[in-house]
Amino acid sequence: MSRLQINSLPPALPRILSVVLGAVVLASVSAAAQPPDPPLPPSPVPPDTRAEDVVRSAPVPPPDADTSDEAVRAQLSALADPSGMTADEAARLAAESAPSLRSAQMFVRAAQAASREAWQGLFPQLSVSARYTRLSRVDQPAFGTSAFSEDELALARLAASGVDDPEARGLWNGLLDSFSNTEAFSFPVLLNQYGFRATVSYPVSDLFFTILPAYRASETAVEARRAQVAVERRQVEMRAREALFELARARGGQVIAAKALEQAEAHQTQLDAIIAAGAAAPVEGLRLQAQVAQARVTVARANAGAVLADRALRSLLHVESTDPIRIGEDFSVTPTPPSGSLETLTERALRDRAELAALHALERAREQAIRSDLGRRYPQLLVQANLDIANPNQRIIPQRQEFDTTWDVSVVLRWSPNEFGQARQRVESARATLMQVRADVDAVRDAVQLEVAQGVEGMTAARLSFDAALIGLRAASESYRVRRMQLEAGAAVTSDLIDADADLTRARLQLVDAAIELHLTDARLRHALGE
């Protein structure tokens, strides 16, 4: 059998299947449970013909199967194909192809990317820039012109010549010469400027107050997302198991409905022979014809329920083959429930359930996010270094048309009242989210405890239901055998056999339903325990 992958099973589909199967059972029972009409006087019988002889000469329905424990388990085991699909295999195939599971895995990848982004905050921040600037032309003032006019210098030289001391006279003349040789100058105007800057900064205070808490929060968010993937995987697997069990239930109903139709047709053949011999009234045949017609309707409904259950399972497994899905789950084996008291099983579920693990991880992530937001309220202390390669370099005067390298290191302390107010609001929002997560944790804990209790009690009820169904099958089979013998002996009417046949059909269906429900309840209990 070729198998592909499956989509999500609609949550209401198990209920739909139960309703369909219930309709199948009620339809067969309602036809048989109607009170018999008052018997009409029998048709005249030839004097030399006895009813007992006519009954014994008519076709007899096939004998009933043995109702011993071994025979019943053999019948339940016959519902499965050893080479078919088991519940565990269906769960695996569903998990491999579930779109919801792929979506949850993408959330994990997004959380991992956010964590790597937060990790970058632990390293110094490096930035590199390049610039070109074109300046407008300006007129620079001249510097260094002589402070004395020519006439003033001539008078000063005349005064210096009257100095008697040769050395003093020489000093004065040299000074006057320097004044007379002073020329005007101005700074050059460089219209093209080129610059390259590399900046390294490290937020020392943010490292402890915001960066590390934010990184821890992102790492914990990844853990929460992974736990959510596990939650989604378990839910997909459980839906696949339920779909497989519902398919088995529907096919069991098919087998029983077909067997009921076979018996009704055999009864009709036998009664037709009796009526033809004049040993029974024709109205008895009409009642049996109605039962056969209703049995055929029951078979049609059972077939429709099986088709719907098969399509539901295919939608989960994405099976494209048109071959019927064979079921390999052996319902003759009674599952062994998990051992331990209710308190022990509840503690185990609270420890192992992926839902609680995801919520606890999310709770830790919210706590770390609050610490990160609280750190934004404090002043920031940064260490910053710059390396400039510029042409011309602004720090060199006078400017020159060539590249020069300079550097600087700064310690910056900054604080913004706007960021302080924004941080306060982020903290309040994060605290509200944290309270929501903690409330969700409490709600899930209560739900898990109730689910475990329901699973334990449901397992007990399912085992009792299976035992009761087995006893009911034995009783219905014996009642049917006795009624048939009484009909052959002329001590019972057809309606008695119809009622016994309906009871037998109902007992067989209840046994199959109880066996499948026992396995389904065991799967639900183990799901509740986090297995």
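The values are calculated or read from the model by the stated rules, or taken from the named source; none is laboratory data. Bear in mind the structure is a predicted one, so any value in this text is a computation, not a measurement. Positions of Cβ are generated from backbone atoms using ideal geometry, with glycine treated the same way; all protein chains shown enter the neighbour counts. Accessible surface areas use protein heavy atoms only, side chains included; no ligands, DNA or RNA. Shrake-Rupley method; radii C 1.70, N 1.55, O 1.52, S 1.80 Å.
Ranked highest first by average number of other Cβ atoms within 10 Å, how do 168-178, 308-318, 327-337 line up?
Numbers: 168-178: 13.1, 308-318: 21.8, 327-337: 16.9.
Per-residue mean Cβ counts within 10 Å order the peptides as 308-318, 327-337, 168-178.
When each of the peptides 398-406, 467-475 is scored by the mean number of other C-beta atoms lying within 10 Å of its residues, the order from highest to lowest reads 467-475, 398-406.
In this rough spin-label picture, where each label sits 7 Å from Cα along the Cβ direction, the GLU419-SER178 distance is 5.5 nm.
Is the range 401-467 best put as rounded, prolate or oblate by its Cα gyration tensor, with a ≥ b ≥ c the root eigenvalues, rounded for a/c under 1.5, and otherwise prolate when a/b is larger than b/c, oblate when not? Could the numbers behind the result be given before it?
Numbers: a/c = 8.80, a/b = 3.32, b/c = 2.65.
It comes out prolate by the Cα gyration axes.
Probe of 1.4 angstrom, ligands and nucleic acids ignored: what's the accessible area per residue over the range 374-523, in square angstrom? Could you put the intermediate results ahead of the total?
Details: 8050 Å² over 150 residues.
Ligands and nucleic acids excluded, the figure is 54 Å² per residue.
As a size descriptor, the averaged projected area of the C-alpha convex hull of the range 261-312 was calculated at 3.3 nm². In the context of the full set of protein chains, residues of the range 225-332 present 39 Å² of accessible surface per residue (probe radius 1.4 Å, heavy atoms only).
Note on the range 315-458: the C-alpha convex hull projects to 21.4 nm² when averaged across all orientations.
In terms of solvent-accessible area of protein heavy atoms at a 1.4 angstrom probe, what is the ranking of ARG287, ARG157, highest value first?
ARG157, ARG287
Across the accessible surface of the range 166-304, with the other protein chains kept in place and a 1.4 Å probe, carbon and sulfur atoms take up 58 percent. The accessible area of ASP272, taken with all protein chains in place and a 1.4 Å probe, comes to roughly 70 Å².
Work out, step by step, the length gained on full extension between GLN140 and LEU190: first 0.36 nm times the residue separation, then minus their alpha carbon distance; give nm to one decimal. Don't skip to the answer; put the middle values down first.
Numbers: separation 50, 0.36 × 50 = 18.00 nm, distance 1.14 nm.
This chain segment gains 16.9 nm when fully extended.
Protein heavy-atom surface of the range 447-487, 1.4 angstrom probe: 60% of the accessible area is carbon and sulfur, with nucleic acids and ligands not counted.
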